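Here is the structure we will look at.
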Amino acid sequence: PRPRRAARQPFVHAHMADAPFLSPHPRALAPSDIVLGAIWIAPGGGEQGDGARGDPGQDNATATVSAAIAHGVREFDTAPWYGAGASEERLGGAIAALSEEQRQPLQVGTKAGRLYTEADGREATGPFGGDLHALRTRVCTNDYSAAGARRSLAASLARLGVPRVHTLRIHDPNDNSNNRRGDPHFADEVAEALGEGGMVDGLRAMRDEGAISQVGLGMNCNRMPHQGVPEEIERLVKGAPQGTFDSALLAGGWNLLSQDGLATLQLCARCGVAVHVAGVFASGLLVGGDTFAYKAAPPEVVDRARRWGELAAAHGHDLPAVAVAFAALPAVVTRVVVGMASPGQVEQTLAWVEQSRRVGGEVWRAAKQAGLLDASLPTPPPEPEPAGASPRAAAPPLPAPASLPTSPPAARLGVDGVVARLEELRGWGSAGAWGAAPAL
């Protein structure tokens, strides 16, 4: 047996400890800073999972993962909840098609808290074989105990076909998807995870044993009625022993359209918990889709997305590149998680990541002036002008708000070829593609 490790200290990147909360300069994100969210390479799990999506097939999953690796992506995120286990199976199939040299540097993270069995009670670890009816008869049971964590990991490893995963995350306790406050059978799953024999104890022990490398959280941090709330994350971070969580994958609460997770990100920074931010495209609305937080976007949010597009174009940027740049502003954010459903989406996403390096502080100041960001939101200070430099030309004034369009105008994303790409992949956008892997 492996020797137990010494008491753990918080995992703190150097820039997390000393830097201001927001970086004063554009972050030079690299492909290795991007995590591919593998939810969209698999079909949906139906009522006992994350909705009823079609099946893009194993060949597409394999090609998508291969494209990501070719572009320099090395980390992948999945969960039993995604497709009732199908996401893990498809990701595992894609990894199996790689050479040993390609597999060696990869890091896979999955989650625990939802256990799946077949309709006859067997563990749902076998291939679903493309049978969507059988997939959607799988039964989900929530379990946030230490024993549940071990059982979940064993099932995930079987579906993935790998010997270990790098990170195991506590997934959405007290989320409203299948455990709603106010229901007669509501259970406080955060309390269960923190209690004696709970998932926090179990994951810490598994890390000490070497079964996993890191312990994490994977949770929503916005305030939508159909999802969890930031306070549940904060209960876990504050209630767990110091040094428990290496990272927190936080979805939906830090993007251009919602900053509900600001206090949670600040807490993570103080506690030395690295943040992997997800939901940067607001589940599709910021890349020409029509959904926000995985539901039809309300008109006022559609209008705000349109105005963000106009502001981005006025400063010479694509709206998705501005969204990526905003996601990476907090120093505590060490990874940006983006759900990608095809090789084309991988290529386009990495192009936006490269462009995000050129989005400067003038964009955030203009957004405050336009009322798109709250005046009290921390934003980077002005960058000093180099000695002897000519004064910068002011950005052109933004047009006055126009009448509300029926859908976000993809043509305003502002780069040659982007419109054609979005139209080609429009079906994915409407289904939530380019939404970072949600902690649903």
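Go through (1) assigned to a loop (DSSP other than H, G, I, E, B); (2) farther than 23 Å from Phe326 by Cα and name the single condition Arg207 misses.
Every listed condition holds for Arg207 apart from (1).
Could you check the stretch 53-75 and list, in sequence order, the residues that are open to solvent by less than 30 Å² (accessible area, probe 1.4 Å) and assigned to a helix (DSSP H, G or I)?
Ala61, Thr64, Val65, Ala67, Ala68, Ile69
Within the stretch 244-266, track down each residue that is touching an Asp or Glu at 6+ places or on another chain (Cβ under 8 Å), of a type in the set (A, V, I, L, M) and open to solvent by 10 Å² or more (accessible area, probe 1.4 Å).
The answer is Ala263, and nothing else.
Residues in the stretch 98-110: is at least one crowded, with 24+ Cβ neighbours inside 10 Å, of a type outside the set (Asp, Glu) and either part of a loop (DSSP other than H, G, I, E, B) or more than 25 Å from the chain's Cα centre (by Cα) (or both)?
The answer is no; no qualifying residue exists.
For residues that are over 13 Å from Pro80 (Cα atoms), among the hydrophobic types (A, V, I, L, M, F, W, C) and not in a loop (DSSP other than H, G, I, E, B), scanning just the stretch 125-184, find the one that is most open to solvent (accessible area, probe 1.4 Å).
So the residue we want is Ala147.
Of Ala341, Ala375, which residue is open to solvent by 20 Å² or more (accessible area, probe 1.4 Å), out of contact with any His (no Cβ under 9 Å at 6 or more places or on another chain) and assigned to a loop (DSSP other than H, G, I, E, B)?
Result: Ala375 is the single residue among Ala341, Ala375 that is open to solvent by 20 Å² or more (accessible area, probe 1.4 Å), out of contact with any His (no Cβ under 9 Å at 6 or more places or on another chain) and assigned to a loop (DSSP other than H, G, I, E, B).
Which ones in the stretch 211-228 are open to solvent by 20 Å² or more (accessible area, probe 1.4 Å) and in contact (Cβ under 8 Å) with a residue 40 or more places away in the chain?
Listed by number, the residues that qualify are Ala211, Ser213, Gln214, Met224, Pro225, His226.
Yes or no: Val280 modelled with pLDDT under 95 and not in a strand (DSSP E or B)?
When the stated conditions are applied, Val280 does not pass them.
For the stretch 185-227, which positions are among the basic types (Lys, Arg) and within 21 Å of the chain's Cα centre (by Cα)?
The answer is Arg223, and nothing else.
Among residues belonging to the stretch 295-308 that are under 15 Å from Leu373 (Cβ atoms) and open to solvent by less than 10 Å² (accessible area, probe 1.4 Å), point out the one that is farthest from the chain's Cα centre (by Cα).
Out of the qualifying residues, it is Trp308.
Need pairs with beta-carbon distance below 9 Å; first residue among the β-branched types (Val, Ile, Thr) and within the stretch 85-111, second assigned to a loop (DSSP other than H, G, I, E, B) and open to solvent by 60 Å² or more (accessible area, probe 1.4 Å); sequence gap 6+ or separate chains.
If the second residue must be assigned to a loop (DSSP other than H, G, I, E, B) and open to solvent by 60 Å² or more (accessible area, probe 1.4 Å), the pairs left are Ile95/Gly161; Val108/Arg164.
The values are calculated or read from the model by the stated rules, or taken from the named source; none is laboratory data. Predicted, not measured: the structure shown is a model, and the values here were computed from it. FYI the Cβ positions are ideal-geometry reconstructions off the backbone, even for glycines, and counts take in every protein chain you see. When the accessible area is computed, the model is the full protein with side chains, heavy atoms only, and any ligands, DNA or RNA have been set aside. Shrake-Rupley method; radii C 1.70, N 1.55, O 1.52, S 1.80 Å.
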